[in-house]
Amino acid sequence: MNTMKWLLRREFWEHKGGFVWAPLIAAIIMVVLVAGMVGYGVSTDKFSTDSITVRVGGEEVQRTKMATLATGHSRTEMASVAANNYIAIGAPVFIVLPTVAFFYFLAALYDDRRDRSILFWKSLPISDTNTVLSKLLTGLLLAPVITVGIASAAAFVILILAGIAVSAQGINLFAPVLSNVNLYLSPVYLLAMIPVYILWALPTAGWLLLVSSWAKSKVFLWAVGVPLIVAVLLKWLDYMLALYGTTINADWIINNVLETLLLGLVPGAWFMDGGTALPVSNGHGVNMLSVLGASWGSLARPELWVGAAAGVAMIVGAIRLRRWRDEG
């Protein structure tokens, strides 16, 4: 256990730029942009419009002050929507995660062989299994936890800035938003989805580690090019067989096998293929608890476990390859 702890520390410090600074810079840019817009709006009185126009069917039917529309009940509804959905503001930060994790896994075992540092690590009493597992835990557990923390903090700051902008229109939502329990539980719900994310990401992580441990060069071309070439060949074969009245269902293979190899690191990938339905908005936004329930419900899908088993098999293959593949 102590060995694994130090291996995880090594991975974190060596790749701190990707796992911490990349999402942090994205979050800072988001906050600065929103702060600039709010500052400009407040300083130029853009948010303090005396009245707004309400239109029905394209015709003006009423002009009223914004603050008068926010009754006690509507304020509660607005606060509920904000507290339930503010975490979605951090979506751009979550886009950084699959990109960083993809290139991390792709270089995880290849770089040690390229710079010959693998000879040093093999001289230490550290097994290949622990080395590969430390990289797997770093990319599938440590990186998502860091990303959730940064994205949640950025989303909270932006929510506060939005509250300032709304306050300029005479609507104070700070009390109902800050007293809403979902404001504090939303990051917890995201953390509770990480086990689901790990299972769905195993095929991609396993494939990238396998290529990283095997390829002598051009790891990106091997990892991405091979699935793309296979997809093209399958489509061509499907077309040729269709001339004789049969098919191999290339689209199914591409969607369920090849895409799983390349897109498993994307958060919420289980919602992308239509196999798991994303909860519908109830007028107060999409409740994060229902998203959590739907995510864990995806564990009932057989393709998840088939993909996870294939991912584990590829990880075992990567461990075995690392035992003898130490050339530069």
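The values are calculated or read from the model by the stated rules, or taken from the named source; none is laboratory data. What you are looking at is a predicted structure, and each value in this text was computed from that prediction instead of being measured. Don't worry about glycine lacking a Cβ; one is built from the backbone with ideal geometry, like all the others, and counts go over all protein chains shown. Accessible surface is based on the protein model in full, side chains and every heavy atom, while ligands, DNA and RNA are left aside. Shrake-Rupley method; radii C 1.70, N 1.55, O 1.52, S 1.80 Å.
Key figures for this structure:
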read-out	value
Check on residue 155, of a type in the set (A, V, I, L, M, F, W, C), open to solvent by less than 50 Å² (accessible area, probe 1.4 Å) and either modelled with pLDDT of 90 or more or assigned to a loop (DSSP other than H, G, I, E, B) (or both)	yes
Residues that are touching a Phe, Trp or Tyr at 6+ places or on another chain (Cβ under 7 Å) and either of a type in the set (Phe, Trp, Tyr) or in a loop (DSSP other than H, G, I, E, B) (or both), drawn from the range 163-191	168, 169
Whichever residue in the range 227-250 is in contact (Cβ under 8 Å) with a residue 12 or more places away in the chain and open to solvent by less than 80 Å² (accessible area, probe 1.4 Å) and, among such residues, is farthest from residue 295 (Cα to Cα)	237
Flag if residue 178 is under 11 Å from residue 83 (Cα atoms) and surrounded by fewer than 17 Cβ atoms within 10 Å (Cβ to Cβ)	yes
Residue ID - nearest to the chain's Cα centre (by Cα), chosen from residues in the range 247-263 that are over 21 Å from residue 210 (Cα atoms) and of a type in the set (A, V, I, L, M, F, W, C)	252
Lone qualifier among 270, 214 - being touching a residue at least 60 places away in the same chain (Cβ under 8 Å), within 24 Å of residue 139 (Cβ to Cβ) and touching a Lys or Arg at 6+ places or on another chain (Cβ under 7 Å)	214
